[in-house]
1. Out of Ala276, Ala300, Ala260, Ala282, I need the residue that is open to solvent by less than 30 Å² (accessible area, probe 1.4 Å), closer than 19 Å to His191 by Cα and part of a loop (DSSP other than H, G, I, E, B). Which one?
2. Give the number of residues within region 153-182 that are among the small types (Gly, Ala, Ser), away from the ligand (no atom under 16 Å from the Cβ) and either open to solvent by less than 50 Å² (accessible area, probe 1.4 Å) or modelled with pLDDT of 95 or more (or both).
3. How do the pairs read when you match residues in region 94-107 that are more than 7 Å from the ligand (Cβ to nearest atom) with residues anywhere that are open to solvent by 40 Å² or more (accessible area, probe 1.4 Å) and in a helix (DSSP H, G or I), using Cβ under 8 Å and keeping only pairs 6 or more apart or on different chains?
4. Tell me, yes or no, whether region 22-34 has at least one residue that is assigned to a helix (DSSP H, G or I), open to solvent by 10 Å² or more (accessible area, probe 1.4 Å) and in contact with a His (Cβ under 9 Å, 6 or more places away or on another chain).
5. Under 7 Å by Cβ, and 6 or more places apart or on different chains, what pairs join a residue from region 54-81 that is more than 16 Å from the ligand (Cβ to nearest atom) with one that is of a type in the set (S, T, N, Q) and open to solvent by less than 20 Å² (accessible area, probe 1.4 Å)?
6. Got a sec? Which of Gly252, Gly248, Gly267 is touching a strand residue (DSSP E or B) at 6+ places or on another chain (Cβ under 9 Å) and either surrounded by fewer than 16 Cβ atoms within 10 Å (Cβ to Cβ) or modelled with pLDDT under 95 (or both)?
7. How many residues are within 19 Å of the chain's Cα centre (by Cα) and open to solvent by 20 Å² or more (accessible area, probe 1.4 Å) when one looks only at region 124-140?
8. Do you know which residues across region 49-78 are part of a loop (DSSP other than H, G, I, E, B) and not aromatic (Phe, Trp, Tyr)?
Amino acid sequence: MPSRSKRRLRPAGPGFDLTAYLETGAAAVNRALDQWLPKERARPATIHRAMRYSLFAGGKRLRPVLCLAAAEACGGAASEALPLACAVECIHTYSLIHDDLPAMDDDDYRRGKLTNHKVFGEGIAVLAGDALLTQAFEIAAQCRAWPRYSHQEVLLELAHAAGSLQLIAGQVADLESEGKSISAAQLKYIHERKTSALLSASVRLGGMSANCTRAQLEALTDFGYHVGLAFQIIDDILDVTQTSEKLGKTAGKDMAARKATYPSIVGLERSRKIAAQLTRRAFAALKVFRGRAMALESLARHLLHRDR
Ligand code: GRG
């Protein structure tokens, strides 16, 4: 189990430096993940190499950093949120490995590198995803319990976000809508589950690690929901407007797969406006934190304006 210091990531206040915050947060998450995961040499070495290959392939660590920032907004320490932040990143990475498989989105590149199945074969890639999903619960189960939030509540939060009513539901609806014309409402259903659910769970878990009040938890849910929807719209916009090199994954796939996206349904300009509106709704949710959620606000702004 990695050691926990009580250090804050970086005080959020005037002159807040988001780049430094992201770098420090991602570095803390990377160190902790390295300690939580079985070593590459642990038998059977292939599965541990495959798990580590995708986990350390250069993901932006947005969900775990949002988790740490939510903890700090609620007056907690990032170090207390770290196991939950790592658990979320393991679930996210598992979903990407499985999503890239030939039976799903069939992609050759992810995070600027060959996808897991391209390097290790499909069988090991399926198992590496399974193992990361399981690892997430092993890590989360070792977090401490807080007066308002039991281990049971924390584990249920993760299971619900990753389960067949949320993340998997989104993926199922996504698969079943390929090549079909779907409504904006159906697309929103997919985005809420495929993207918003885990993002919202990330900030909720951060709040829980800080023993947040129920009102703060509600606010984080509202924030995560809206940031999650905006995040996916921006992801769809970037798929059309950026290069594969910039994205580290194959650009233009949505159109090639005739996938319904916000840009394909309402156009690029309207999509940008909707993402900005959603981000404003996310900012509004932060009012209850009375200026202590500078990092969350900065992160939401950054996600809206990101170019990869
Ligand atoms: C359960 C197999 C399975 C899939 C679930 C998450 C998912 C559905 C599919 C992955 C592909 C996708 C478009 C997901 C939506 C969320 C999203 C935009 C993920 C990419 O997140 P980033 O940009 O990636 O944070 P990095 O690599 O930086 O972590």
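The values are calculated or read from the model by the stated rules, or taken from the named source; none is laboratory data. Model, not experiment: these values are computed from the prediction. Ideal geometry is used to build each Cβ from the backbone, glycine not excepted, and the neighbour counts take in all protein chains shown. What goes into the accessible areas is simple: the full protein's heavy atoms, side chains included, and nothing from ligands, DNA or RNA. Shrake-Rupley method; radii C 1.70, N 1.55, O 1.52, S 1.80 Å.
1. On the way: Ala276 fails: part of a loop (DSSP other than H, G, I, E, B); Ala300 fails: part of a loop (DSSP other than H, G, I, E, B); Ala282 fails: part of a loop (DSSP other than H, G, I, E, B).
The conditions single out Ala260.
2. From region 153-182, those among the small types (Gly, Ala, Ser) are 159, 161-164, 169-170, 173, 177, 179, 181; that's our starting set.
So of that shortlist, the ones also away from the ligand (no atom under 16 Å from the Cβ) come out as 179, 181.
If we keep only those that are either open to solvent by less than 50 Å² (accessible area, probe 1.4 Å) or modelled with pLDDT of 95 or more (or both) too, we end up with 179.
Residues that pass the stated criteria total 1.
3. Every condition considered, the pairs that remain are Tyr94/Asp130; Tyr94/Leu133; Leu101/Glu122; Leu101/Val126; Pro102/Glu122; Asp107/Lys253.
4. Of the residues in region 22-34, the ones assigned to a helix (DSSP H, G or I) are 22-34.
Restricting the remaining residues to those that are open to solvent by 10 Å² or more (accessible area, probe 1.4 Å) gives 22-24, 26-28, 30-31, 34.
Pick out the ones that are also in contact with a His (Cβ under 9 Å, 6 or more places away or on another chain) and you get 22.
The answer is yes, given that some residue of region 22-34 is assigned to a helix (DSSP H, G or I), open to solvent by 10 Å² or more (accessible area, probe 1.4 Å) and in contact with a His (Cβ under 9 Å, 6 or more places away or on another chain).
5. Pairs found: Ala71/Ser209; Gly76/Ser209; Glu80/Ser209; Ala81/Ser209.
6. Working: Gly252 fails: touching a strand residue (DSSP E or B) at 6+ places or on another chain (Cβ under 9 Å); Gly267 fails: touching a strand residue (DSSP E or B) at 6+ places or on another chain (Cβ under 9 Å).
Exactly one of Gly252, Gly248, Gly267 is touching a strand residue (DSSP E or B) at 6+ places or on another chain (Cβ under 9 Å) and either surrounded by fewer than 16 Cβ atoms within 10 Å (Cβ to Cβ) or modelled with pLDDT under 95 (or both), namely Gly248.
7. Keep residues of region 124-140 that are within 19 Å of the chain's Cα centre (by Cα), which gives 128-140.
Now restrict to residues that are open to solvent by 20 Å² or more (accessible area, probe 1.4 Å): 130-131, 133-134, 137-138.
Of the residues in that region, 6 qualify.
8. Step one: of region 49-78, the residues part of a loop (DSSP other than H, G, I, E, B) are 56-61, 74-77.
Of everything in region 49-78, those that are part of a loop (DSSP other than H, G, I, E, B) and not aromatic (Phe, Trp, Tyr) turn out to be Ala57, Gly58, Gly59, Lys60, Arg61, Cys74, Gly75, Gly76, Ala77.
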